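The values are calculated or read from the model by the stated rules, or taken from the named source; none is laboratory data. The shown structure was predicted, so the numbers you read here are calculated from the model rather than taken from an experiment. Glycine gets a Cβ as well: all are built from the backbone with ideal geometry, and neighbour counts include every protein chain shown. The accessibility values were calculated without ligands, DNA or RNA, using every heavy atom of the protein model including side chains. Shrake-Rupley method; radii C 1.70, N 1.55, O 1.52, S 1.80 Å.
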Amino acid sequence: NQNGAVLIPVESVVGVLEVKQDIKGNMRDIANKIESVRNLEGSYMNKKGQEAEIPWPPYPILGGVLSTQSSYSEETLKNKLSELKGSRTIDIGCCANKYSFFVKYNTPEKEIANYKARAIAKVHTYSRETALMVFIYQLVHTLQRNAFMSCEYSVNIDAYLRNVGAEINPSPIATPLF
């Protein structure tokens, strides 16, 4: 907590969900907020505690929206999603009164975190009857995959300490019990 704001290391973020009453008229705002998180810079350490030189982000940060309604038809939704490019893409969403959706990209798996290389292959939509269930399952599935992909590296807390001018303790605080 710093000046009333809760700080979350960007390296631990696997997804961003924006909540709106209606997505109509809000797509640009949703995309801007997702982009603002995806464009943050991160720093990682490998298992040996050394700074890791890996591309940022090492896994795709999921961007989504959750709303009670949508005044857009499915066709308009697909067109609006297709207009979003780069780190502004919205990957998943649920508009509870109408549909849920997820975007399948025509991008090689190893390039999916490179937002500039993303090209939409298809927007899958699901009817109101299954919208929430499909959204939850797709969300959990995607977050599990992203979390699994991020396990090889840990948050570089040293970088955060340096950014706030704090001294880094090079030795462990706890003493071994044996």
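Going by the conditions given, is ILE23 modelled with pLDDT of 90 or more, within 12 Å of the chain's Cα centre (by Cα) and of a type outside the set (Phe, Trp, Tyr)?
no
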Practice task
For segment 32-50, state whether one or more residues are loosely packed, with under 14 Cβ neighbours inside 10 Å, under 16 Å from the mean Cα position of the chain (by Cα) and at pLDDT 95 or above.
Solution key: yes
Handout entry: Residue that is farthest from the chain's Cα centre (by Cα) [pool: residues in segment 1-20 that are modelled with pLDDT of 95 or more and among the charged types (D, E, K, R)]
Key = LYS20
Fill in the blank from the handout: Of the residues in segment 109-138, those that are hydrophobic (A, V, I, L, M, F, W, C), modelled with pLDDT of 85 or more and in a helix (DSSP H, G or I) come to ALA131, LEU132, MET133, VAL134, PHE135, ILE136
Practice task
Looking at (1) in contact with a His (Cβ under 8 Å, 6 or more places away or on another chain); (2) surrounded by 19 or more Cβ atoms within 10 Å (Cβ to Cβ), find the lone condition where PRO60 falls short.
Solution key: (1)
Problem - Number of positions in segment 63-80 that are open to solvent by less than 40 Å² (accessible area, probe 1.4 Å) and not aromatic (Phe, Trp, Tyr) - result: 6
Completion exercise
Filter segment 90-121 for residues that are touching a strand residue (DSSP E or B) at 6+ places or on another chain (Cβ under 6 Å) and of a type in the set (Gly, Ala, Ser); the one that is surrounded by the fewest Cβ atoms within 10 Å (Cβ to Cβ) is ALA121
Exercise for the section: Would you check if there is a residue in segment 82-89 being more than 21 Å from THR142 (Cα to Cα) and either of a type outside the set (S, T, N, Q) or open to solvent by less than 40 Å² (accessible area, probe 1.4 Å) (or both)? Expected result: yes
Practice task
Quick one: in segment 11-31, of everything that is in contact with an Asp or Glu (Cβ under 8 Å, 6 or more places away or on another chain) and acidic (Asp, Glu), which residue is surrounded by the fewest Cβ atoms within 10 Å (Cβ to Cβ)?
Solution key: ASP29
